[in-house]
Amino acid sequence: MVNFAPVSSYSSQELAAALKAGSLEVALGPFTARAKGEGKPLRSFLQDTYRDVMVRLSLSDVTDIALDVRAPSLLRKYIRPQVIPDPGFQVPAVPLPKSMSGLAFEMGLNLVVALKCCRFVTFHAGVVANDKGAILMSAESGGGKSTLVAALMEEGYRLYSDEFALLNMPDARLASYPRPVSLKNESIEIVRDFAGGDWVSPVISDTPKGKIAYRRARPEDITEAGETAVTKLVLFPRFEAGVRASARGLRRAEAIMRLIPSSTNYHLLGEQGFNALRKMLDGAEAFEITYGTTDDSMKMVRDLAAKVGL
Amino acid sequence: MAAGPYSADTLWVAHAAHLIVEPHEDVSVVFHKLSGDTHILNFLSAAIVELLEEQPGTFAEVTGRVLTYLELDADDCPPSLVESTMLQLDDTGLIAPQNLAGSA
Amino acid sequence: MQKSKVRSEQFKAHRRQLLRMGAAGLPMVLTLRASASGALISQLRCTFTIPNSTKILVDDTGQAWVGTSKLGISGNKPQNKNISKFKNHAQYVFPAGTVPSSYRADACPPDPCYDGVSNNLNDANVDSMFAHLTDSEGDYQATEGFSGAGGGKKGGSHSHNNDDHIQCDNHGHQVDEHGHSIGSNTGKYADCGYKAYNVSNNQIAPGDYVNNGSWSLPGDEDGLYLSLSINYADSYGNTGGWPGISCIVSILNYLNL
Amino acid sequence: MKRQWLDILVGTKPLPEDILERAELLEFADSHHVLGQMAEVWKDTATGKTRDVFDNGLLRARFDRNMLRNEMERVERAFMGTGLSPILIKGASYVAQGLDAGKGRRVSDIDILLHEDEIGQAEELLKAAGWAFDEATDNTYDQNYYRTKMHELPPLRHKTRRTIIDVHFKLLPRTSRTKVQSDLFIDAALPLEGRKLRVFTAADRLLHSAIHSFADGSFDTPARSLIELKYLFADIQEAEHEGLLARAKTVGAVLPLAYALWALAEFFKDPLALGLLEKSGVKPSRLICWTISHKLEHIDTAPFAKALLYIRSHYMRMSLPQLFWHLATKSFRRIKPQPELPLPPGFQ
């Protein structure tokens, strides 16, 4: 069996050939994905944004995820080329210009994890962790969740996940799933400032979500993948321009009420999911934090993290 | 809306074996094993489920027991409110008529 | 559940307040849904812009024409002189009954020169085909058969023959080639029979209108456009050139998941 | 799909050693909704990633099973005290009875069958309990079409749970060319143990499955249908095979049964099915057999066979004037003429 190696250790030709054959196996925390797709945009996206992520060129095992970034129709392969993510089952897919193949890849992975991978309770949330435990941040898009995740990465936390918190059911621990952190519009500059230009991908403009760039996972985030953490802090961040920073402690019932709707598969997992959620909250404190600047939010998160012993 | 036919004489029951109840200050988080749904019950609906776990009852009987249990008088909690709350609980399957097969 | 404790007056007052709200209809049971719509819809934050100079013309039966030729709209009223041409050049035509009633035009008041019956060519075809099938099938319900096509007009008894029209002078009253009365419309703009909507350049994010797994459409042009889009998707899916259709279909697919 | 995959799906041939083929098979099983069934037969032997993938299928099937159990209870609640005792049919009944055909099976909605003269009451009861027609079918044309031409009401969806129930009053559309005695199936139904619902006998279950695949359906889910037939046929003792033929004659399902037996002999090399087919004396049409095989082998990309089965399924359901009327009405509901499926030679 061939071992995994970082994307950056392979040549463009090798990667292109594996992508074309649909034999590129990508390790993503507890999941593996078989990636397929043609063309330079997808290949360069992986080389840039996934450069430290572990892959192998020939399929050595079956995978949790199979994702084909392909043209929606033969016509669209040649005229105003478009792509859609095709995970092998019917999902909503917005055709994107071929130049946005990377975005299609990300959207496809998110859809598959949200809809198909049922071995974990999946919450729409960002997660960072250190040796003592994890911070789970559940927010609507635009809540500043990704910016917070990226900022916490600068403070000694490892990136567990930007998009999905994966709650392992038997032991109620969060699984590390380090994919690139997706940054939108203004947050791109903010993160570039503190993470350094080398860690942020080129900007994709005019996407359905506006400007998008990715903050790469670091080698130390990725080699740590496969580990798990206990949840210490559950945050519901809310960004409001100009508002004074404040934190409000949430009672357990309220945290449950807010976490369940943020899950993509809670209902599917039934009693096992409910018990895992309760067990996760047993050791955690929950807060709603409202803030107007990233600095404010970071101050609050530092205080709260210290309070729960992180 | 009720989940099926009923009358004033219907004896209602709640099955503790179907529920995981996590009581909080004034609400209960209830997981219903049959439907896989998680519900938030306020003090009134939670009290009704609790009382019907102990002993089946009609609308009228439950109204009486709820008033005693929660130390309320009928002005605060009219029979119509207890009845409509029980119908909401019937709709979720948290309570059911006693002789419904399959839920025993 | 805290039982028979000594409770503060404030606590009791709070409970009484909740009970009053319950009596007024506030639910006493709340079911949590792992809808994840927040999460997934955020994946589906597709937006699209309706192309330049797109307009929607709606009549009183809920039929709609969508196109880009000139209408000269003023306050949802199209210019009478443009109506025929717009309809003939429409890129999409939706059958009667498609448009929600709140967007439909008022029917024109009855006029001695107009019997109120549509002479729509399609209706006539449907009716005659229908008559043929009624003959062969016998038991087919005449009045219920084609609400989708005939706009709820009851078949069977009414006349649909042009020759039945009473010939009288047109006091500025017109009947267009589809039999619609655009009469009483002596002025520049149609006062009845048609309404027009300018949807040109509107930017729409359909995901904004999804609420708990169903659509809540706004009462403005965007709502009209979305309701037509959903009809379009129902018949065609993600094909053809209806602006924004892939975005709409992606969300419809999501809702059916 | 590859023919030999069928045997792997039911556990009679080993999983492919070739990783790409194994990956393709698992992806196929997932997208054709048989991953859970495959997982059930392989869960004790599969390891590593393969087992992880199967876990996804098993968890999903567990959800469906729980959902079904709850819906059964909700239907019983809705019909409580009325004396109506609906018959569970199709996947729901296999799962409810714990049959091999139901293990790991995906159930997206619940199908029930009632006597035609009970339908009005059943509809009222379900509506009173929170089910409603979808907006898409809540129009006069669809309602009328379903009631006068079809064998079921338009699907009813529960307003809060969003689950769907299909209420049948016949096994085949009224207009179907195959005439099946639906009432005989209803009369022979048995109580489901511990519940107020009923189920078909083993023979009727198989016959209904055959009817559904070969007299009614356009064979849209070939892999799933064939697996279902295999398990349902295996539930019938050899000693009862003669009785099965006789029952097929009585209820008017000789032809669908013959196609089912042909398919079991052809795709699973089942000697018992072949023997029974010969005993029945029915010769299945070669064209139909070719179409079925072709559809299975080119499951996603067989436009020709698909069109043929599409036409056939409509033809089976309706007489020609009706078909014309239906398509014409449908086309008026469309906005612009849409290209229909390509017609094979001879149908143009």
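Classify region A:5-115 as rounded, prolate or oblate, taking a ≥ b ≥ c as the square roots of the eigenvalues of its Cα gyration tensor: rounded when a/c is under 1.5, otherwise prolate if a/b is larger than b/c and oblate if not.
It comes out oblate by the Cα gyration axes.
Once every Cα of region A:23-74 carries one equal point scatterer and solvent is ignored, give the base-10 log of I(q)/I(0) from the Debye formula at q = 0.16, 0.29 Å⁻¹, two decimals.
Each listed q maps to, in turn, -0.47, -1.25.
Ordering D:Thr201, C:Thr54, D:Thr221 by how much accessible area each has at a 1.4 Å probe, largest first, what is the list?
So, going from the largest accessible area down, we get D:Thr221, D:Thr201, C:Thr54.
Can you give the % of DSSP beta bridges in region A:5-115 that are antiparallel, to the nearest 5?
Looking only at bridges with both residues in region A:5-115, the antiparallel portion is about 75 percent.
Just to verify a number: FRET efficiency for C:Tyr209 and D:Arg174, C-beta to C-beta distance, R0 = 51 Å, to 0.05?
Computed FRET efficiency for C:Tyr209 and D:Arg174 comes out at 0.85.
What whole-number volume per residue, in cubic angstrom, does the convex hull of the C-alpha atoms of region A:120-307 give?
112
Taking 0.36 nm per intervening residue step and subtracting the Cα-Cα distance, what contour gain separates D:Lys2 from D:Lys127 on full extension?
Roughly 40.5 nm would be gained on extension.
Using 7 Å Cα-to-Cβ label points, what is the D:Glu238/C:Ser74 separation (nm, one decimal)?
Roughly 9.0 nm, to one decimal.
Give the long-range amide H neighbours of A:Ser263: residues separated by 5 or more places, or on another chain, with amide H under 5 Å away, using H modelled in the peptide plane at 1.01 Å from N.
Excluding prolines and chain starts, which carry no amide H, the hits are A:His124, C:Ala36.
Using mean Cβ contacts within 10 Å as the protection proxy, how do C:199-206, D:82-89, A:146-153 order, highest first?
Final packing ranking: A:146-153, D:82-89, C:199-206.
Taking each residue in B:20-30, count the Cβ atoms of any other chain within 10 Å of its Cβ, then average. What number comes out?
Across B:20-30, the average partner-chain Cβ count within 10 Å equals 5.
Rounded to the nearest 10 degrees, what's the angle between the helix A:101-115 long axis and the longest principal axis of chain A, both from Cα atoms, 0 to 90?
Computed tilt is about 60 degrees.
For a label point 7 Å from the Cα of A:Glu186 along Cα→C-beta, name the residues of region A:111-150 whose backbone N is under 19 Å from it.
A:139-150
Please compute the Kirkwood hydrodynamic radius of region D:37-147 from all pairs of different C-alpha atoms, in Å with one decimal.
Its Kirkwood hydrodynamic radius stands at 16.1 Å.
Going highest first, how would you order A:99-105, C:84-90 by mean Cβ packing within 10 Å?
A:99-105, C:84-90
Between D:Leu190 and D:Lys13, how high is the FRET efficiency from 1/(1 + (r/R0)^6) when r is the Cβ-Cβ distance and R₀ = 30 Å? Nearest 0.05.
Here the calculated transfer efficiency is 0.30.
Return the tail of the calculated pair distribution for region A:123-217, meaning the percent of Cα-Cα pairs more than 21 Å apart.
Percentage above 21 Å: 29.
If eta is 0.692 mPa s and T is 37 °C, what Stokes-Einstein diffusion coefficient results for region D:84-124, Kirkwood Rh from Cα pairs, in µm²/s?
295
Search the structure for amide H atoms under 5 Å from the amide H of D:Asp111, placed 1.01 Å from N in the peptide plane, and list their residues when 5 or more places away or on another chain.
D:Ile89, D:Ala92, D:Asp166
Could you identify which residue out of A:Thr231, A:Thr49, A:Thr32 has the top mean-square fluctuation in a GNM of chain A using Cα springs shorter than 10 Å?
Fluctuation is largest for A:Thr32.
In nm, give the distance between the simple-model label positions of C:Ser101 and D:Lys149, each being 7 Å from the Cα along the Cα-to-Cβ direction.
2.7
If you rank D:Lys149, A:Lys211 by how much accessible surface each has, with a 1.4 Å probe, what is the order from largest down?
A:Lys211, D:Lys149
Where does each of D:274-281, D:55-62, A:192-199, D:123-130 land if you order them by average Cβ count within 10 Å, highest first?
D:55-62, D:123-130, D:274-281, A:192-199
For D:154-164, what's the mean count of beta carbons from other chains sitting within 10 Å of each residue's beta carbon?
That average works out to 2.
Spelling out what I want: for every residue of region D:33-38, take phi, set θ = phi - 60°, compute 6.51 cos²θ - 1.76 cosθ + 1.60 (Karplus), and round to whole Hz; glycine and proline get x.
Per residue, the Karplus-derived 3J(HN,Hα) values read 6, 10, 4, x, 5, 5 Hz.
Tell me the label-point distance for the pair A:Glu14, A:Arg218, using the 7 Å Cα-to-Cβ offset, in nm and rounded to one decimal.
Going from the A:Glu14 label point to the A:Arg218 one covers 2.6 nm.
State the volume of the convex hull built on the alpha-carbon positions of region D:164-298, expressed per residue in Å³ and rounded to an integer.
Each residue corresponds to 126 Å³ of Cα convex hull volume.
Would you tell me the mean number of C-beta atoms belonging to other protein chains that fall within 10 Å of each C-beta in D:63-73, as a whole number?
That works out to 4 on average.
What are the extents of the Cα atoms of chain B along their three principal axes, listed from largest to smallest and rounded to whole Å?
So the three principal-axis extents are 35, 33, 24 Å.
FRET efficiency for D:Asp44 and C:Gln17, Cβ-Cβ distance as r, R0 = 56 Å, nearest 0.05?
Computed FRET efficiency for D:Asp44 and C:Gln17 comes out at 0.45.
The values are calculated or read from the model by the stated rules, or taken from the named source; none is laboratory data. Just so it is clear, the model here is predicted, and its values are computed rather than measured. FYI the Cβ positions are ideal-geometry reconstructions off the backbone, even for glycines, and counts take in every protein chain you see. These area figures cover heavy atoms from the full protein model, side chains too; ligands, DNA and RNA do not enter into them. Shrake-Rupley method; radii C 1.70, N 1.55, O 1.52, S 1.80 Å.
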